[in-house]
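Written out below as structure tokens is the structure these notes cover.
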Amino acid sequence: MKYSALFALLFCLVCPAAVFAENSVDELFEDPAPDTVADPDSKLTQDSLTKENIRFFESVRAEGYFLTGWTREHPKPKHSPYNALNFSFGTDARLDKNIRAYASFFITYPSFRDGTSDNITNPYQDLLPTDPTLSFSNVDVKEMFLDYTLGDLVFIRVGREALTWGQGRIFNPANFVGALAKGIGLKATTTFLGLDVSLVAMKNDGYFKLETDSIVDKAGIDTLGWSAKAEGSWLFFTGGVSGFHHPNLGDKGEGYLKTSLAGFDLFGEALIERKLVDSKPAGAPIPTAVFGVYRELGPGSNPWLQAQVETMVSARGESSAARSIPEVARGWDSLSLGIGATSGLLNFLKTKPSVSWLHSFQDRSGQLIFGFSNTTFPHIDLTAGVVWVYGPEDGRYVTGNPDPLNRRLILSFRAIFAFDINS
Amino acid sequence: MKVLGALLFFVLSSPLVFAAEGTAILKKIDEQVTFLETDYSAQVVVVQDKPESGKTSTTVAVFRRDRETKYLLLVMAPDSEKGKGYLKVGNNLWLYDPSARRFTVTSAKDRFQNSNARNSDFTRSTLATDYKIASTRTDKLGKFQTTVYDLEAIHDEVAFPKTRIWVTEDNLVRKSEDYSLSGQLLRTTAIPSYQKVGTRYVPISVLIVDELRGKTVNGVFLHEKTQITVTKPSLDPLPDLVFTQAYLEKMGR
């Protein structure tokens with residue numbers, strides 16, 4: 001008898017859902033509303049979706065963060081407090097289903113931050129200023145473009161926009177259109193033979209000047225960068241090709257294939273590029289390849305793990321992170337590994353732990369980060385991270401350490417206060 | 001001998017006949033909510049009720065071209081999510097993030113906007129190609145007289161390996177229960193009322209109850225729920241551009 005009571009108690013403890021479940025959905029069928037005929041005058045139309053009165057929006061974001069850490073040379077930790085402000089505002093107007101104008105601007109403190117990055121997997125990398133100048137920026141343009149849809153066939157966007165191509169979440173060498181975020185361009189997108197096709201012409205003197213001293217900036221068509229992309233889906237595969245051409249930078253071509261297998265998203269991407277000077281080849285073809293896996297684990301609306309692993313092998317050698325195309329192929333001696341993971345196990349505490357590890361097999365340098373983000377309080381995002389930068393002084397991730405004090409082991413604490421207004 | 005042959009034929013062919021009949025039944029159920037001759041669009045409000053964090057509402061525009069196995073879901077509200085989009089062409093799903101202006105392709109994001117709904121809840125019904133009927137019985141569901149079909153998946157691309165549906169005489173699914181392979185009830189869906197659009201039907205509202213997730217409050221287990229309300233259904237033809245990446249870019253905030 002006592003065992004029966006014990007079992008009953010145990011059953012109640014382990015199966016609360018079964019014992020104390022709320023009213024079942026069956027009650028909905030006791031007296032349901034009758035089936036009806038839809039009102040033919042109440043339809044979702046393209047006009048109702050696209051026509052919108054002019055909309056204004058603004059976003060305010062204030063950050064305070066504190067870093068402490070150790071360099072190789074100094075046994076005592078060095079402490080650094082920072083703060084940053086970002087004020088963004090803009091307007092969006094859709095006159096009819098064919099035309100739209102959009103602009104967003106920002107002012108930041110310190111002046112060199114663009115205030116747009118918020119990498120939860122890597123709470124450290126986006127925090128640190130590389131320039132000690134403490135001044136507000138001028139009003140800068142984040143995005144400004146005009147859209148026009150030509151006969152429901154071709155979508156055209158003219159202006160500046162943040163645009164990302166390429167498949168890698170960690171290593172993304174195929175983002176040929178990143179320059180557009182700092183310049184202006186014309187993009188036309190349509191479908192052809194079942195493929196999504198985009199053509200982009202970019203004008204960005206500042207970005208292209210960075211590549212090489214030999215570029216002579218002229219107001220001619222040869223200062224334009226051109227990109228094109230075609231993507232499509234067949235059976236269980238999605239694939240695409242894209243290319244880039246600039247007469248003084250070089251040619252780039254890319255192809256990728258993506259699929260899913262047993263819940264894993266898999267992709268492979270191959271890239272080949274060649275330096276040009278005055279439209280003539282000035283170096284050897286440089287190959288690069290990226291392979292990646294992405295996986296979510298756990299049922300329901302909150303997976304307990306989101307993980308990604310990518311590896312990149314390149315003949316770029318030491319210049320693999322630079323935008324410029326090297327003239328000499330170094331062989332397949334540059335192998336990098338990137339792992340990122342975020343867990344939803346602590347969602348009930350509004351806390352999200354994450355880990356990120358980047359490693360170069362070529363020079364044995366790397367960056368390992370553990371971070372926590374907490375959003376218990378409205379409008380406040382609290383982040384804590386531990387960062388370890390390792391490897392030789394000339395290693396990629398050591399020379400790329402964004403900390404101006406070159407600390408190797410860092411504790412990072414950050415608080416962000418933010419809110420958005422739309423009208 | 002002829003009798004024996006006929007008996008043997010009957011015994012051997014009856015499972016095939018039953019399977020063919022089952023497929024025909026499921027096809028009829030699919031046809032009631034599938035638009036093969038026209039495009040389909042509607043506005044859908046998804047209210048997610050999580051006992052631990054309250055209610056959140058998402059408004060989404062749904063565009064379907066069932067004959068080409070295409071759909072596009074465009075988030076219209078709240079502002080923080082506005083412009084996010086899902087474009088499915090065949091077996092491949094594109095996600096569009098308007099803040100990064102980037103497309104990604106994935107199979108892992110089959111849940112819609114962190115709710116208990118799945119993207120497949122907004123698209124054409126494919127019971128006949130995904131499941132076979134394992135057993136049949138009749139049941140009274142409130143005021144409805146229904147036939148209950150226990151279904152088993154015939155391939156592993158479906159979200160739920162087993163499902164049970166309550167179907168009224170007009171071939172409309174009024175209730176469904178989705179099970180794991182081990183037979184655990186994962187979620188229950190109720191569709192008490194439909195609205196007729198052309199010659200087909202669209203739910204007026206759908207209630208999805210997550211049988212695993214929730215929170216115990218004052219001794220009562222409160223399930224996570226998702227309420228879906230469908231308004232403004234239309235069968236008007238849609239431009240081809242709607243089912244492209246360009247459309248998501250155009251509509252992005």
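The numbers here are math on the coordinates, done by the rules we state, and not lab data. None of these values were measured; they are calculated from a predicted model. So basically every Cβ, Gly included, is an ideal-geometry build from the backbone, and we count neighbours across all protein chains shown.
Within a 10 angstrom radius of each residue's Cβ in A:232-238, how many Cβ atoms of other chains show up on average? Whole number is fine.
Per residue, the average neighbour count from other chains is 5.
Starting from the 7 Å offset along Cα-to-Cβ, what nm value, one decimal, do you get for the label separation of A:Trp388 and A:Arg364?
Placing both labels 7 Å along Cα→Cβ, they lie 1.5 nm apart.
Could you calculate, for region A:363-423, the ratio of the Cα radius of gyration to the Kirkwood radius, expressed as Rg to Rh?
1.17
R0 = 30 Å: FRET efficiency of A:Phe237 with A:Ser42, Cβ-based, nearest 0.05?
Efficiency, rounded to the nearest 0.05: 0.15.
How high is the FRET efficiency between B:Asp170 and A:Ile54 when r is their beta carbon distance and R₀ equals 41 Å, given to the nearest 0.05?
Working from the Cβ atoms, E equals 0.30.
Give me the log10 of I(q) over I(0) for region B:19-68 at q = 0.16, 0.21, 0.22, 0.30 Å⁻¹, as the Debye formula computes it from C-alpha points; what are the numbers?
Calculated log10 I(q)/I(0) at the listed q: -0.69, -0.80, -0.83, -1.05.
Specify which residue in the list A:Thr376, A:Phe291, A:Tyr390 is farthest towards the positive end of the charge dipole of region A:286-396, using unit charges on the beta carbon of Lys, Arg (+1) and Asp, Glu (-1), about the Cα centre.
Going by the charge dipole, the pick is A:Thr376.
With unit charges on the beta carbons (Lys and Arg positive, Asp and Glu negative) and the dipole taken about the Cα centre of region B:202-253, which residue among B:Pro237, B:Val206, B:Val217 sits farthest to the positive side?
In region B:202-253, that residue is B:Val217.
Quickly estimate the mean residue ellipticity at 222 nm for chain B, helices only: each DSSP H run with n ≥ 4 gives -39500 (n - 2.57), and the total goes over all residues, rounded to 500.
It lands at -5500 deg cm²/dmol.
Give the span of region A:261-401's Cα atoms along each principal axis, as three whole-Å numbers ordered largest to smallest.
Extents along the principal axes: 58, 38, 28 Å.
Hey, rough spin-label estimate for B:Val148 and A:Ile184, points 7 angstrom out along Cα→Cβ, what's it come to in nanometres?
Reported label-point gap for B:Val148 and A:Ile184 is 6.8 nm.
Tell me, rounded to the nearest percent, the portion of alpha carbon pairs in region A:23-93 spaced more than 14 Å apart.
81
From the C-alpha gyration tensor of region B:170-253, pull out the three semi-axes of the equivalent ellipsoid (sqrt of 5λ each), sorted largest to smallest, in whole Å.
Calculated on Cα positions only, the semi-axes equal 32, 20, 14 Å.
According to a simple spin-label model (label point 7 Å from Cα along Cα-to-Cβ), what is the distance in nm between B:Thr56 and B:Asp156?
Output for this residue pair reads 3.1 nm.
On the principal axes of its Cα set, how long, how wide and how thick is region B:113-253? Give whole Å, largest value first.
Principal extents (Cα only, largest first): 46, 39, 33 Å.
Expressed as a whole percent, how much of the Cα-Cα distance distribution for chain B exceeds 35 Å?
The share of Cα pairs beyond 35 Å in chain B comes to 20 percent.
Let me confirm one metric for peptide A:167-176, namely the mean number of other chain beta-carbon atoms within 10 Å of its residues' beta-carbons.
Per-residue shielding by partner chains comes out at 1.
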